[in-house]
Amino acid sequence: MNKLSVNSLENYELGNIAVEDKNAHPASSRQQCVSAPILVRGILIIILFNICLVACFYLFYIYINTLQTDQRNKLNTAFCSIAAILLCVSLLNLGDLSKSNPNFYYI
């Protein structure tokens, strides 16, 4: 299906473009879909990114377990505080902060 610009669509609706003209330049199959190598590369990048995230979290978990108890508690307190601040900021961004309706739905 051809993608018409706004002007072309308005002209078509007004009858300025004939019915035969809309099929004059059919889009090739390359324009309508993503090629297979790009799709495979994208899937591999997503899988590798997730593997790296899991590996980093696992290494961080091992590092945390090697710390002494008081250091581990300080680090846990710091990470919980940072997570709470990030959560509050993200919840504020989810709220409706328009002038006519200043509501904080999630807080």
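The values are calculated or read from the model by the stated rules, or taken from the named source; none is laboratory data. Quantities reported herein were computed from a predicted structural model and do not represent experimental measurements. FYI the Cβ positions are ideal-geometry reconstructions off the backbone, even for glycines, and counts take in every protein chain you see. For the accessible areas, the whole protein counts, side chains as well, though only heavy atoms, and no ligand, DNA or RNA atoms are used. Shrake-Rupley method; radii C 1.70, N 1.55, O 1.52, S 1.80 Å.
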- Message: Tell me yes or no: at least one residue of the stretch 43-59 is surrounded by 10 or more Cβ atoms within 10 Å (Cβ to Cβ), modelled with pLDDT of 75 or more and over 23 Å from the mean Cα position of the chain (by Cα).
- Response: yes
- Checked the stretch 60-94 for anything aliphatic (A, V, I, L, M), open to solvent by less than 80 Å² (accessible area, probe 1.4 Å) and assigned to a helix (DSSP H, G or I); matches are ILE62, ILE64, LEU75, ALA78, ALA83, ALA84, VAL89, LEU91, LEU92
